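In what follows, a structure is listed as structure tokens, so that the remarks can point back to it.
The values are calculated or read from the model by the stated rules, or taken from the named source; none is laboratory data. Remember, it's a predicted structure, so these values are computed and weren't measured experimentally. Note that each Cβ is placed from the backbone with ideal geometry, even for glycine, and that neighbours are counted across all protein chains shown. Surface areas here come from the heavy atoms of the whole protein model, side chains and all, with no ligands, DNA or RNA. Shrake-Rupley method; radii C 1.70, N 1.55, O 1.52, S 1.80 Å.
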Amino acid sequence: MSRLVYVLNGPNLNLLGKRQPEIYGAETLADVEADCRKQAAALSLDIRFHQSNREYEIIDWIHEARETAGGIVINPAAFTHTSVAILDALHTCEFPIIEVHISNVHKREPFRHHSYVSSVASGVIAGFGTQGYTLALQRLAKLIDEKKA
Amino acid sequence: MSFRVMIINGPNLNLLGEREPEIYGATTLAQIEAACRSQGGEIGAEIAFHQSNYEGQIIDWIHAARKEADAIIINPAGLTFTSIPILDALKMFKGPIIELHISNIHKREEIYHRSLVSKVATAVIAGLGPKGYGVALGAIAGILNPA
């Protein structure tokens, strides 16, 4: 199984560090990417790290990943709660998917409590701040190793 | 009398044939397009056939259809259940609109039950597989050229 992992980020995450730091923390998405690259190297994973505010771009990356990758870490941000199209795209993938949220979405407004993506995710991480990404990569590496064994 | 039909397909339908074939079948979108074009030739329908994963692109095609098409067949896929902008765009189209789903969405998970597009569709086809497109084209011929 491929050791390539896509790390996909949804709308408004480009503003991480500037956007409501009391909820999302002071780390920028570039910091998160650097953390992910360091963690990936330690786990012998290759990563593609992307962010978009456009739903279709995220769908196109998922289509790309299904051909080449061994797993996806996805923080769909607000699309989590609205996008059947992203759910459908994830349904076409046969590898593990880890859903990540920086904040504990369940502590927040009720409209953030329901996730379409969770119905197809192998696991969900919420509320661990940006550390959630490296935890997700560790889990994904384990799942990829287990499939190999 | 010849007429023009715009057939619009939403997200993930580019993967038709590879994508969960137990739900969506083995026919590809290119094969559906070929079947629509061949049927269009027989019934005097000029066909424009589109697919996009991009909601904005689908809205642009619906706007274009106001001038370029007499009827729309739309399979909005996952956007069926979430897109108010697509619903709003279809409201501005004067001709018949057939909403089409390859699978019988009502038999599936609850998230696939509530279509926003149905509120403006002339008629809805669900569960006929790729053959639904041919049925929709035939129905449009009947609506536009009543015997």
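Here are a few things to note about the model shown:
- When the criteria are applied in full, A:ALA26 fails the requirement of being over 24 Å from B:GLY56 (Cβ atoms), open to solvent by 20 Å² or more (accessible area, probe 1.4 Å) and modelled with pLDDT of 95 or more.
- Per-region count, region B:1-26, residues farther than 23 Å from B:ILE143 by Cβ, out of contact with any Leu (no Cβ under 7 Å at 6 or more places or on another chain) and not in a helix (DSSP H, G or I): 7
- Among the conditions (1) open to solvent by 10 Å² or more (accessible area, probe 1.4 Å); (2) under 13 Å from A:LEU8 (Cα atoms); (3) within 14 Å of chain B (Cβ to nearest Cβ), the only one that A:ALA77 does not satisfy is (3).
- Residue check, A:THR92 surrounded by 15 or more Cβ atoms within 10 Å (Cβ to Cβ), out of contact with any Gly (no Cβ under 9 Å at 6 or more places or on another chain) and within 21 Å of B:GLY17 (Cα to Cα): yes
- Qualifying residue in region A:43-52 (condition: within 12 Å of another protein chain (Cβ to nearest Cβ) and closer than 19 Å to A:THR130 by Cβ): yes
- Take the conditions (1) away from chain A (no Cβ under 14 Å); (2) open to solvent by 40 Å² or more (accessible area, probe 1.4 Å); B:ILE23 misses just one of them, which is (1).
- Residue, least open to solvent (accessible area, probe 1.4 Å), within region A:29-65, restricted to residues that are farther than 19 Å from A:HIS101 by Cα and hydroxyl-bearing (Ser, Thr, Tyr): A:TYR56
- Among residues that are open to solvent by 50 Å² or more (accessible area, probe 1.4 Å) and within 12 Å of chain B (Cβ to nearest Cβ), A:THR68 is not included.
- Candidate set from region A:102-149 (those that are within 14 Å of chain B (Cβ to nearest Cβ) and part of a helix (DSSP H, G or I)); member that is most open to solvent (accessible area, probe 1.4 Å): A:PHE111
- Test: residue in region B:136-144 that is exposed (fewer than 15 other Cβ atoms within 10 Å of the Cβ), farther than 19 Å from B:LEU16 by Cα and either of a type outside the set (S, T, N, Q) or within 14 Å of chain A (Cβ to nearest Cβ) (or both): yes
- Of residues in region B:49-67 being in contact with a strand residue (DSSP E or B) (Cβ under 8 Å, 6 or more places away or on another chain) and surrounded by 16 or more Cβ atoms within 10 Å (Cβ to Cβ), the one farthest from A:ILE59 (Cα to Cα): B:ALA65
- Close pairs from region B:76-96: first closer than 9 Å to B:LEU116 by Cα and within 14 Å of chain A (Cβ to nearest Cβ), partner among the hydroxyl-bearing types (Ser, Thr, Tyr) and in a helix (DSSP H, G or I), Cβ under 7 Å, at least 6 apart: B:PHE81/B:TYR112
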